[in-house]
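Comments concern the structure below.
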Amino acid sequence: GRLDTVTGQLREWAVPGAKPAGFWRAPDGQTVWIPQTNGRLQSLNLTTLQVLDYRSAKTFAYSDVVFGPDGALWMVDFGDNRIVRYEPGAASETSWTFFDPNVGRINPTQIQFDANGKLWISELSIGRMDRFDPATGVLAEYTGFDNPIHFDIFNGRIYVAEASGANGAVSVLDPSLAIVFGESLT
């Protein structure tokens with residue numbers, strides 16, 4: 001939907017698919033990209049109402065999307081434990097699997113780039129925050145969280161909302177002080 005805050009007018013669009021996992025509005029002001037929990041990535045033209053689907057055979061369910069500093073859409077695949085990079089309009093994607101989905105689903109919930117171009121990921125079911133460097137393919141793993149579901153980055157620290165217990169909690173991660181484990185993804 002779109003709300004005009006001056007007139008109060010609300011315009012809504014119904015698009016086919018499942019639950020939206022976020023959206024990104026392209027600079028043209030007319031195209032909206034919507035990754036969905038059914039593994040579908042859609043583009044919607046707000047003027048013509050044309051909906052185009054892109055579906056990867058590898059994707060189970062998207063859970064978040066961000067626009068990267070490289071001009072691509074970056075998403076996480078909730079079911080197949082993947083980081084997905086997609087250039088709007090391309091015929092294919094690039095992806096990195098950071099945990100074997102046949103072993104278990106770690107359920108990444110949110111992604112965000114930091115000021116240095118590193119991609120942060122919260123992983124609900126494994127109690128971990130990851131930092132992925134797209135330039136090197138190195139994934140740094142920060143453990144010890146209790147169901148991290150959302151986070152924000154401020155002054156180089158990661159503020160992590162944990163979905164444990166009745167009230168939840170917020171933990172602060174300072175990457176310069178934390179113990180980190182790493183691996184290279186291909």
*asked:* In whole Å, what are the extents of the chain along the principal axes defined by its C-alpha atoms, from largest to smallest?
replied: 51, 38, 31
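If you roll a 1.4 angstrom probe over the protein chains with everything in place, what fraction of the accessible area of the chain belongs to carbon and sulfur, to the nearest %? Don't jump to the answer; show the numbers that get you there.
Numbers: 5110 of 9820 Å².
Exposed carbon and sulfur together represent 52 percent of the surface.
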*Choose one answer from Phe132, Phe154, Phe60: the residue with the largest mean-square fluctuation in a GNM of the chain with alpha-carbon springs under 10 Å.*
Phe154
*Give the accessible surface of the range 1-159 per residue, rounded to a whole number of Å², with probe radius 1.4 Å and ligands, DNA and RNA excluded.*
50
*asked:* Could you identify which residue out of Ala140, Ala166, Ala115 has the top mean-square fluctuation in a GNM of the chain using Cα springs shorter than 10 Å?
replied: Ala166
*Which value results when the Cα radius of gyration for the range 137-186 is divided by 2.2 N^0.38 Å?*
1.26
*Identify which of Thr109, Thr31, Thr136 has the largest mean-square fluctuation in a Gaussian network model of the chain, with springs joining Cα atoms closer than 10 Å.*
Thr136
*Enter the accessible area of Ile126 (Å², nearest 10), with the probe set to 1.4 Å and all protein chains included.*
60
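Over all pairs of distinct alpha carbons, what does the Kirkwood formula give as the hydrodynamic radius of the range 45-88, in Å? If you can, show how the numbers build up before the last one.
Values: mean 1/r = 0.0859 Å⁻¹.
For the range 45-88, the Kirkwood estimate is 11.6 Å.
For the range 66-186, with only Lys/Arg (+1) and Asp/Glu (-1) charged at the beta-carbon, what is the dipole magnitude about the Cα centre, in debye rounded to 20?
Values: 7 positive and 16 negative charges, 18 e Å.
Computed about the Cα centre, the dipole is about 80 debye.
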*Using a cut-off of 11 Å between beta-carbons, work out the net charge of the residues near Ala169 (Lys and Arg +1, Asp and Glu -1, Ala169 not included).*
-2
*With a Förster radius of 35 Å, plug the Cβ-Cβ distance of Asp4 and Ile153 into 1/(1 + (r/R0)^6) and report the FRET value to the nearest 0.05.*
0.65
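The values are calculated or read from the model by the stated rules, or taken from the named source; none is laboratory data. Small disclaimer: the values here were computed from a predicted structure and weren't measured. With ideal geometry, Cβ positions are generated from the backbone for all residues, glycine too; neighbour counts draw on all protein chains shown. When the accessible area is computed, the model is the full protein with side chains, heavy atoms only, and any ligands, DNA or RNA have been set aside. Shrake-Rupley method; radii C 1.70, N 1.55, O 1.52, S 1.80 Å.
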